[in-house]
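Worksheet for the structure shown next.
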Amino acid sequence: MKTEERRLFKEIASILWNDWDPIGVNDGENDWDDEYDSYVPEIFRLALEGRDASKIARYLSSSIEQNMGLSASLQHDMKIAHKIVEAKVRIFG
């Protein structure tokens, strides 16, 4: 994995932990947790393939609903997806 790819992978993991956190495990008191790390590879792939924020947001929402059994907020997931796309642009130019 190239340096830029490693940076993006880590950035996506950070965004999921700090900003997405659909089950609320990050209460600000915890150090890094691997709770959402299993979602990073697919989101990373979508970002590298140049998928737009709406595709990434749909994946996030689907993960919440199907894997966690919770209701998703597409608006919140779009905000997270935009952060991921912006991170890719920032890292790769």
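The values are calculated or read from the model by the stated rules, or taken from the named source; none is laboratory data. For clarity, every value in this text was computed on a predicted model and none was experimentally measured. Note that each Cβ is placed from the backbone with ideal geometry, even for glycine, and that neighbours are counted across all protein chains shown.
For first residues located in region 37-52 and on the phi > 0 side of the Ramachandran plot, partners that are modelled with pLDDT of 95 or more and assigned to a helix (DSSP H, G or I) and lie 6+ apart or on another chain with Cβ distances below 9 Å form the pairs GLY50/LYS88. Residues that are polar (S, T, N, Q) and in a helix (DSSP H, G or I) within region 2-41 comprise THR3, SER14, ASN18, SER38, listed in sequence order.
What number of residues within region 8-35 are among the charged types (D, E, K, R) and under 14 Å from ILE56 (Cβ atoms)? Give the steps one after another, and end with the answer.
Of all residues in region 8-35, those among the charged types (D, E, K, R) come to 10-11, 19, 21, 27, 29, 31, 33-35.
Now narrow it down to the ones that are under 14 Å from ILE56 (Cβ atoms): 11, 19.
Here the count works out to 2.
Looking for whichever is of a type in the set (A, V, I, L, M), in contact (Cβ under 8 Å) with a residue 40 or more places away in the chain and buried (at least 18 other Cβ atoms within 10 Å of the Cβ) here; the options are ILE56, ILE12, ILE23, ILE91. Which one fits?
ILE12
Filtered by the rule that a residue be of a type in the set (Gly, Ala, Ser) and exposed (fewer than 14 other Cβ atoms within 10 Å of the Cβ), region 26-53 gives GLY28, SER38, GLY50. Taking the criterion of being of a type in the set (Asp, Glu) and surrounded by 20 or more Cβ atoms within 10 Å (Cβ to Cβ), the only residue of region 74-88 that qualifies is ASP77.
The listed residues are LYS83, LYS79, and the only one of them that is closer than 25 Å to ARG6 by Cβ and touching an Asp or Glu at 6+ places or on another chain (Cβ under 7 Å) turns out to be LYS83.
Scanning region 59-73 for residues that are surrounded by fewer than 18 Cβ atoms within 10 Å (Cβ to Cβ) and touching a residue at least 24 places away in the same chain (Cβ under 8 Å), which turns out nearest to the chain's Cα centre (by Cα)? Looking at the filtered set, the residue picked out is MET68.
Any residue at all in region 1-15 that's of a type in the set (A, V, I, L, M, F, W, C), at pLDDT below 95 and under 16 Å from ILE91 (Cβ atoms)? Spell out how you get there, then give the answer.
In the first step, residues of region 1-15 are kept if they are of a type in the set (A, V, I, L, M, F, W, C); the result is 1, 8-9, 12-13, 15.
Those left that are additionally at pLDDT below 95: 1.
Now narrow it down to the ones that are under 16 Å from ILE91 (Cβ atoms): 1.
Among the residues of region 1-15, at least one is of a type in the set (A, V, I, L, M, F, W, C), at pLDDT below 95 and under 16 Å from ILE91 (Cβ atoms), which makes the answer yes.
Go through the residues of region 28-36 one by one and say whether even a single one is at pLDDT 95 or above and small (Gly, Ala, Ser). No, region 28-36 contains no residue that is at pLDDT 95 or above and small (Gly, Ala, Ser). Under the condition of being assigned to a loop (DSSP other than H, G, I, E, B) and either of a type in the set (D, E, K, R) or out of contact with any helix residue (DSSP H, G or I) (no Cβ under 8 Å at 6 or more places or on another chain) (or both), the residues counted in region 42-72 number 6.
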